[in-house]
Amino acid sequence: MPFEVSSLMDRRHEFVLLATQEGANIRALCRRFGIAPNTASTWIARYRAEGRAGLADHSHRPHASPSRTTPAQAAQVLAVRDAHPTWGGRKLRRWLLDHRGTAPAASTITTILQRHARLDGPRTGEARAYQRFERPAPNDLWQLDFMGHRALQAGRVQPLTILDDHSRFGIGLFACAHERSDLVQAHLITCFRAYGLPTAILADNGPAWGSSSPGTLTWLEAWWIRLDIRVLHGRYRHPQTQGKVERLHQTIARDLFQFGVLADLATAQTAFDAFRHTYNTDRPHEALALAVPATRYQPSPRPFPEILPEIVYSAEHMVHTVTRGGWIWVERQRVELGEALRGLPVGIRPSGEEDVFVVRFCDHDLKRVTLRRPS
């Protein structure tokens with residue numbers, strides 16, 4: 001049977017004494033003591049060279065490790081990790097290659113972090129989200145959303161995030177006190193002036209931009225359409241449609257909110273600005289093959305018009321002005337369009353089906369209307 005730990009040295013000593021006798025059958029002794037012949041040869045050689053002390057377990061660590069990271073390299077890794085405490089081995093290696101020109105392997109960096117207790121552990125081995133679709137060019141689609149209220153030392157903050165789908169470039173990150181449309185518009189104008197207009201905007205069905213009544217528009221949606229921006233919405237109760245901006249929210253939560261409570265809205269905005277700069281220009285992004293988003297983004301060639309263009313319809317349309325209550329009359333039939341369009345012109349054209357008309361706002365078809373003939 002194998003040796004017991006408590007008598008290991010005694011058993012080894014007994015074995016070598018028997019094995020070194022003249023005429024000893026070493027293979028038979030190996031079977032009786034439950035050890036391999038190679039192990040027996042090693043113990044006999046050590047015993048002859050060092051006596052009983054040679055039977056103790058020896059370290060298998062090599063005498064020299066030329067490829068082992070130096071203390072200076074480890075210190076460099078730890079310094080970057082301390083500056084970015086949520087980054088793992090791959091991101092740290094990419095940053096070191098970009099800024100220092102050399103770096104250990106990602107697995108070596110992870111070992112350094114483990115050795116110095118820099119890994120908190122909860123995400124180790126956690127399944128990663130699968131890769132989602134990506135728009136082919138910058139500004140083809142912007143995703144925007146509110147992150148959800150977060151406590152401050154004085155009040156609460158509602159982070160508004162705007163992200164380019166193709167590059168993951170953070171267009172905007174704003175510390176908002178509420179979710180009202182006028183504040184969202186003000187922040188969007190800041191982004192439009194800096195980066196131009198996107199082709200489309202994807203948002204959920206939240207109150208700032210989502211309408212609960214089919215065929216109507218919110219005030220923000222009407223504004224986007226007038227800017228020739230296509231309006232897209234995710235399915236109800238399906239946040240995966242906006243997976244990239246939701247993933248950004250997870251990064252913000254880890255990098256900004258897990259280390260303490262921010263003081264107030266002004267402090268939050270200062271922290272948001274610093275985070276956005278790091279996220280766009282310094283933080284390697286795994287979905288971009290560890291490039292930074294700024295290397296894949298270019299501002300839109302479509303400038304923001306300070307004055308909205310006039311709304312014009314083709315000759316096939318009958319033009320109606322939406323009433324203050326948010327409706328129009330078509331052949332004595334009231335059609336609800338929502339108060340967001342009050343005072344604005346809409347076009348009505350035949351659909352090609354009998355008694356069915358299409359209501360259009362700018363280049364956006366709002367709804368189909370079936371007119372009821374009098375009996």
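The values are calculated or read from the model by the stated rules, or taken from the named source; none is laboratory data. Computed from a prediction, not measured in an experiment: that's the story for all the values here. Neighbour counts are summed over all protein chains in view; Cβ atoms, including those assigned to glycine, are modelled from backbone coordinates with ideal geometry.
Which members of the range 178-201 meet the condition of being without any contact (Cβ under 8 Å) to a residue 24 or more places away in the chain and of a type in the set (Gly, Ala, Ser)? First the steps, then the outcome.
Initial filter on the range 178-201 (without any contact (Cβ under 8 Å) to a residue 24 or more places away in the chain): 178, 182-183, 186, 190.
Result: Ala186, single match.
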Does Ile201 satisfy the criteria of being in contact with a strand residue (DSSP E or B) (Cβ under 6 Å, 6 or more places away or on another chain) and of a type in the set (Val, Ile, Thr)?
yes
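Which of the residues spanning the range 330-342 are outside any strand (DSSP E or B) and surrounded by 10 or more Cβ atoms within 10 Å (Cβ to Cβ)? Full working, then the answer.
Going residue by residue through the range 330-342, those that are outside any strand (DSSP E or B) are 331-332, 337-342.
Glu331, Leu337, Gly338, Glu339, Ala340, Leu341, Arg342, listed by residue number.
For the range 242-276, give me the residue count where each residue is part of a loop (DSSP other than H, G, I, E, B), of a type in the set (Gly, Ala, Ser) and in contact (Cβ under 8 Å) with a residue 24 or more places away in the chain.
Within the range 242-276, residues that are part of a loop (DSSP other than H, G, I, E, B), of a type in the set (Gly, Ala, Ser) and in contact (Cβ under 8 Å) with a residue 24 or more places away in the chain number 1.
Please verify whether the range 227-241 includes one or more residues that are out of contact with any strand residue (DSSP E or B) (no Cβ under 8 Å at 6 or more places or on another chain), of a type in the set (D, E, K, R), in contact (Cβ under 8 Å) with a residue 40 or more places away in the chain and part of a helix (DSSP H, G or I). Explain how you work it out, then say what you get.
Pass one, the range 227-241, residues out of contact with any strand residue (DSSP E or B) (no Cβ under 8 Å at 6 or more places or on another chain): 227-228, 235-240.
Next cut, of a type in the set (D, E, K, R) only: 228, 235, 237.
Going one step further and asking which of them are in contact (Cβ under 8 Å) with a residue 40 or more places away in the chain, we end up with 228.
Now drop any that are not part of a helix (DSSP H, G or I), which leaves none.
No, the range 227-241 contains no residue that is out of contact with any strand residue (DSSP E or B) (no Cβ under 8 Å at 6 or more places or on another chain), of a type in the set (D, E, K, R), in contact (Cβ under 8 Å) with a residue 40 or more places away in the chain and part of a helix (DSSP H, G or I).
Val358 - would you say it is in contact with an Asp or Glu (Cβ under 7 Å, 6 or more places away or on another chain), among the β-branched types (Val, Ile, Thr), surrounded by 12 or more Cβ atoms within 10 Å (Cβ to Cβ) and not assigned by TED's automatic domain parsing to the domain that holds Val231? It would help to see each step written out before you state the result.
On the way: in contact with an Asp or Glu (Cβ under 7 Å, 6 or more places away or on another chain): yes; among the β-branched types (Val, Ile, Thr): yes; surrounded by 12 or more Cβ atoms within 10 Å (Cβ to Cβ): yes; not assigned by TED's automatic domain parsing to the domain that holds Val231: yes.
Here the answer is yes, as Val358 does meet what is asked.
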Taking the condition of being in contact with a strand residue (DSSP E or B) (Cβ under 6 Å, 6 or more places away or on another chain) and either loosely packed, with under 14 Cβ neighbours inside 10 Å or assigned to a strand (DSSP E or B) (or both), how many residues in the range 310-329 meet it?
7
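Restricting to the range 72-118, what's the tally of residues that are in a loop (DSSP other than H, G, I, E, B) and closer than 16 Å to Thr278 by Cα?
Let us first name the residues in the range 72-118 that are in a loop (DSSP other than H, G, I, E, B), namely 84-88, 101-105, 116-118.
This time we only want the ones that are closer than 16 Å to Thr278 by Cα, so: 84-88.
Total meeting the criteria: 5.
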First in the range 155-177 and over 12 Å from Ala203 (Cα atoms) and in contact (Cβ under 8 Å) with a residue 60 or more places away in the chain, second anywhere and hydroxyl-bearing (Ser, Thr, Tyr) and crowded, with 21+ Cβ neighbours inside 10 Å, Cβ under 7 Å, 6 or more apart
Gly170/Tyr279; Leu173/Thr161
Could you please find all residues in the range 55-71 being in a helix (DSSP H, G or I) and modelled with pLDDT of 80 or more?
Leu55
Residues that are surrounded by 16 or more Cβ atoms within 10 Å (Cβ to Cβ) and under 27 Å from Thr278 (Cα atoms): does the range 24-45 have at least one?
no
